[in-house]
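Below you'll find the structure, written out as C-alpha cells, and then a few comments.
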Amino acid sequence: MEVQNTYKTTWFKARAACQKLGGDLAVPMNNKENSAILNIVKQKSLSQPFIGFRRHKDNKFYTVQGVMPSYMKWQPGEPNGPNHEHCVHFYNNNGKWNDIPCSNQYPFICQRHLIKRK
Ligand SMILES: [Ca+2]
C-alpha cells in the first residue's frame with residue numbers, strides 16, 4: 001500500500017495519480033487488508049481517504065479493476081446516495097466505508113502491487 005497524504009483531490013484525479021505511480025486506488029479484499037489500510041490511515045492521520053470502488057450505471061459498486069467485489073465493509077446505513085454519491089471513501093475512525101460524491105476532495109490510498117485472487 002502506498003499513501004498520498006500531501007493533498008486532497010477528487011476520486012478520478014486520485015485514481016489518475018495512483019495510476020501514474022504504477023498502481024491504482026487501494027481495493028481491500030478482506031478484513032485483514034481493510035485493517036491494514038485502517039492502520040495506515042491512523043498512522044498518517046488521513047481524513048477519510050478515497051479507496052478503489054465506484055458505483056456504475058447499474059447502481060452497483062465495482063472495483064477499479066471493473067469487477068464486483070466479494071468483500072465490502074459499509075458503515076451501517078451506507079451506501080445511501082444512489083443519485084449522487086458514486087464513489088467510496090474510508091472512515092478513519094472505524095475503517096468502514098461510505099459512498100460520497102466523486103467530486104468531493106479527500107486524500108487517497110494507492111496500491112501498487114495488486115493482491116492476487118485465490
Ligand atoms: Ca453515503
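Full extension from Asn93 to Lys44: what is 0.36 nm times the residue separation minus their Cα-Cα distance, to one decimal in nm? Write out the running numbers ahead of the final one.
Values: separation 49, 0.36 × 49 = 17.64 nm, distance 1.27 nm.
The Asn93-Lys44 span can extend by a further 16.4 nm.
Around Val88, what is the net charge, scoring Lys/Arg as +1 and Asp/Glu as -1 over all other residues with Cβ under 11 Å from its Cβ?
Working: positive: Arg54, Arg55, Lys73, Lys96; negative: Glu78, Glu85, Asp99.
Around Val88, the charge tally is +1.
Determine ³J(HN,Hα), in whole Hz, for all residues of segment 59-64 in sequence, where each value follows from phi through the Karplus function 6.51 cos²θ - 1.76 cosθ + 1.60 and θ = phi - 60°; x replaces Gly and Pro.
6, 10, 8, 10, 6, 5
What full-extension length gain, to one decimal in nm, is calculated for Ala36 and Met72 as 0.36 nm per residue of separation minus the Cα-Cα distance? Display every interim value, and only then the final one.
Values: separation 36, 0.36 × 36 = 12.96 nm, distance 1.48 nm.
Full extension of this stretch gives 11.5 nm more.
May I ask you to derive the relative contact order of the chain, considering only C-alpha pairs under 8 Å and at least 6 residues apart, and to give it as an integer percent?
Details: 219 pairs, mean separation 48.2, N = 118.
RCO, the chain: 41 percent.
Please compute the contact order of segment 66-118 in relative form: average sequence separation of alpha-carbon pairs under 8 Å and at least six residues apart, divided by the residue count, as a percent. Please report the intermediate quantities before stating the final value.
Numbers: 44 pairs, mean separation 15.3, N = 53.
Normalised by residue count, the contact order of segment 66-118 is 29 percent.
What residues have an amide H closer than 5 Å to that of Ile109, excluding those fewer than 5 places away on the same chain, when H is modeled at 1.01 Å from N in the peptide plane?
Distant-sequence amide H within range of Ile109: Ala26, Phe50.
Among the lysines, select those whose C-alpha is under 16 Å from the C-alpha of Lys73, and discard any that sit fewer than 8 residues away in the same chain.
Lys32, Lys60, Lys96
Using θ = phi - 60° and the Karplus relation 6.51 cos²θ - 1.76 cosθ + 1.60, list the HN-Hα couplings for segment 94-99 in order, rounded to whole Hz, with x at every Gly or Pro.
9, x, 8, 10, 9, 7
Enumerate the residues in segment 24-50 having an amide nitrogen under 15 Å from the point lying 7 Å beyond the Cα of Tyr7 toward its Cβ.
Zone members listed by number: none at all.
Where does the chain land on Rg(C-alpha)/(2.2 N^0.38 Å)?
Details: Rg = 12.7 Å, N = 118, 2.2 N^0.38 = 13.5 Å.
Against the compact-globule rule of thumb, the ratio is 0.94.
For Lys44, list the aspartates and glutamates whose Cα falls under 14 Å from its own Cα; do not include residues on the same chain fewer than 8 positions away.
Glu2
Quick one: which residues, 5 or more positions from Glu78 or on another chain, have an amide H under 5 Å from its amide H? H modelled 1.01 Å from N in the peptide plane, none for Pro or chain starts.
none
What does the helix-only formula give at 222 nm for the chain: each DSSP H stretch with n ≥ 4 adding -39500 (n - 2.57), the total divided by the residues, and the result rounded to the nearest 500 deg cm²/dmol? Write out the running numbers ahead of the final one.
Details: 2 runs with 23 residues, N = 118.
One gets -6000 deg cm²/dmol as the mean residue ellipticity at 222 nm.
Each value in this text was obtained by applying a stated rule to the coordinates, not by laboratory testing. On a predicted model such as this, the values are computed, not experimentally measured, just so you know. For neighbour counting, all protein chains shown are included, and Cβ atoms are generated from backbone atoms with ideal geometry for every residue, glycine included.
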